[in-house]
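What follows is a set of notes on a single structure, which appears directly below.
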Amino acid sequence: MTRFERELSGELGAYWKKDAEKELAKVREDFNAGRITIDKYGVARNCIGRVLMDDMLEKLSYITDKVSAIATREARAEENAAFFEEYRRNQKPATAEELSEMRAAFGEGETVIDIISGRTYSL
């Protein structure tokens, strides 16, 4: 059982149940107003066109049966892969100022790894 399901069921107390119900009302309002959309494949997107994350996807599934969790998760994986590829492609070498900031944050002699690109910086 997810945290949200536990809240909505009342298992965590009246406060959390009421809060979960308010969240569902907000999601319903956003869906009805077109701030959350579902395409013909069942992929849910937010008001800026990004695929919904799992927490909102779970709440939306309480509101409508038109959403496909599988299709939405697959679309999000594709969206993320495209973002990471673009990030890697556009990445430039670190400037002297950026290296100085990394030394200040992590310490002289440390190695910093950009986990998205895999690039390492020896400070």
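We did not get these values from a lab; they are worked out from the coordinates using the rules stated. Quick caveat: nothing in here was measured; it's all calculated off a predicted structure. Note: ideal-geometry Cβ built from the backbone for every residue, glycine included; neighbour counts use all protein chains shown.
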* Classify region 1-109: rounded, prolate or oblate, from the alpha-carbon gyration tensor (a ≥ b ≥ c, eigenvalue square roots; a/c under 1.5 rounded; otherwise prolate if a/b is larger than b/c)? -> oblate
* Residues with amide H under 5 Å from that of Ile36, placed H, sequence gap 5 or more -> Phe31
* Long-range lysine pairs (8 or more apart or interchain), the chain, Cα under 20 Å -> 9
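Using the Cα centre of region 33-84 as the reference point, and only Cβ charges (+1 on K/R, -1 on D/E), how large is the resulting charge dipole? Debye, rounded to the nearest 20.
Charge dipole of region 33-84: 200 debye, to the nearest 20.
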* Asked: ³J(HN,Hα) across region 19-28 via Karplus (A = 6.51, B = -1.76, C = 1.60, θ = phi - 60°), whole Hz, x for Gly/Pro?
  -> 5, 4, 5, 5, 4, 4, 5, 5, 5, 4
* Asked: What list of ³J(HN,Hα) values in whole Hz, one per residue of region 42-55 in order, does the Karplus curve 6.51 cos²θ - 1.76 cosθ + 1.60 (θ = phi - 60°) give from phi, with Gly and Pro shown as x?
  -> x, 7, 9, 10, 8, 5, 9, x, 7, 5, 5, 7, 4, 5
